[in-house]
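The values are calculated or read from the model by the stated rules, or taken from the named source; none is laboratory data. Everything numeric in this text was worked out from a predicted model, so none of it was measured. Glycine also receives a Cβ, built like all others from the backbone with ideal geometry; neighbour counts cover every protein chain displayed.
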Amino acid sequence: MSTSEERPFFATAAKGTEGALRDELREMRVPQVRADRGGVHFGGDLSHAMRACLRSRIALRVLWRQAEFRAPNPDALYEGTKQIDWSRWLDQTRTLAVHSTLKNSQLTHSGFVAQKIKDAIVDQLRERDGERPDVAPGDPDVRIAAHIERDRAQVFVDLSGTPLSRRGYRTQAGEAPLREHLAAAMLRIGGFRPGTPLFDPMCGSGTIPIEAALWAKGQPAGGLRSFGFERWRSFDDEAKAAWKLEQQRALDFAAPVETLVWGADRDPRALKLARGNAARARVDVRFDRADLASMIPLERGTLVVTNPPYGVRLERDRSWFDDFRSALGRMQGCTVVAISPDRSLPEHVGMKASGEHTLYNGDLQCRLFRWEV
């Protein structure tokens, strides 16, 4: 049996977070987990993929591979796609959208590839049913993803719907917001575990503290949202029963751990957003108005995780480094974790990092620095 047959599912992840996602999936007892560039392969059945959608805090999407075949030209791509039974997912009442990525392929235009795959799907269904589904790029019932590398195509159905980072609690964000999946990855890589006091001194709209509180509460990351698989034609009574069972298992799996989580920011508008986001997420997080210069000493053992202003997106003058250096001095006995695209951040604040990890915030390469103060 090939690796693709053993592991038909692929959870995508931001670059640099694959290892954290691998560990997370193993903890939720997803079988045959293997990290790869851009995400994590795993095995099992549809219920395991549903579990990953519901519980993963780090994954961006969960994809289900439907076929793998050679596609050196448009005709081969069309015929290979048409061999898949698309009536499992679609009928004339449902909409679709196709996204493609290419690497070292004779087919060089992703838009053309997506169009060819769409043509094969709608032609198959029109020939079978006499009618075809419509395309809805913004909000389709069924999302299809394709990746062609070295003329070999893989075609997936996306279980997620909208990206899994959209938890449903953040209706507004402050300037230069940190996405939920990256905040969760920072927490895991930085060493947070439920029960560890967590503080973010530059919390903005509160994403890092809220993600920590959700984890400590044992609340599923996707507990406030719906998923793409709920709109499939094959989401029948049996699939609905499996989904209800996974939702119940998530509740049974939850083991809330009392954890002190709080954040601070100097901007009252950001704090108003943070408090609203925490209320919608149904977590108890304390938010204070304070800046780095006036920060009080922290309790020993506190984990500080923060997303400082990057400079490329927010204005930052040299005094910020002085304030951060001074704040570190009031964090004796604490571990401090900060993300920055500036590799010289430890040099600027005058303290050598005890560790660093490369990860990406969108297309921006960053470092996650760690200090044991």
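Regarding ALA184, is this residue in a loop (DSSP other than H, G, I, E, B) and within 15 Å of the chain's Cα centre (by Cα)? No, not satisfied.
Evaluation of GLU131 against the conditions (1) within 21 Å of LEU63 (Cα to Cα); (2) charged (D, E, K, R); (3) modelled with pLDDT under 95 shows that the sole unmet condition is (1). With respect to ALA136, determine if the residue is surrounded by fewer than 18 Cβ atoms within 10 Å (Cβ to Cβ) and closer than 30 Å to ARG57 by Cα. It is true that ALA136 is surrounded by fewer than 18 Cβ atoms within 10 Å (Cβ to Cβ) and closer than 30 Å to ARG57 by Cα.
Let's see how each residue does on (1) without any contact (Cβ under 8 Å) to a residue 24 or more places away in the chain; (2) under 30 Å from ARG88 (Cα atoms):
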residue	(1), (2)
GLY191	no, no
LYS217	no, no
ALA221	no, yes
SER234	no, yes
ALA241	yes, yes
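Identification of strands (runs of 3 or more DSSP E) wholly contained in segment 14-104 with 1 or more residues that are within 17 Å of ALA145 (Cβ to Cβ) and among the hydroxyl-bearing types (Ser, Thr, Tyr) yields 95-103. Listed by first and then second residue, the pairs linking a residue in segment 90-108 that is in the same structural domain as PRO133 (by TED's automatic domain parsing) and surrounded by 18 or more Cβ atoms within 10 Å (Cβ to Cβ) to a residue that is among the aromatic types (Phe, Trp, Tyr) and modelled with pLDDT of 95 or more, with Cβ atoms under 9 Å apart and 6 or more places separating them unless they lie on different chains, are LEU90/TRP232; LEU96/TRP86; LEU96/TRP89; SER100/PHE112. The strands (runs of 3 or more DSSP E) located wholly in segment 231-309 that include 3 or more residues which are within 19 Å of ARG330 (Cβ to Cβ) and either assigned by TED's automatic domain parsing to the domain that holds ALA97 or in contact with a Cys (Cβ under 9 Å, 6 or more places away or on another chain) (or both) occupy 261-265, 303-306.
In segment 117-137, the qualifying residues are those that are touching a residue at least 24 places away in the same chain (Cβ under 8 Å) and of a type in the set (Gly, Ala, Ser), and the one that is nearest to GLY228 (Cα to Cα) is ALA136. Screening SER165 on (1) assigned to a strand (DSSP E or B); (2) closer than 19 Å to ALA281 by Cα shows it passes everything except condition (1).
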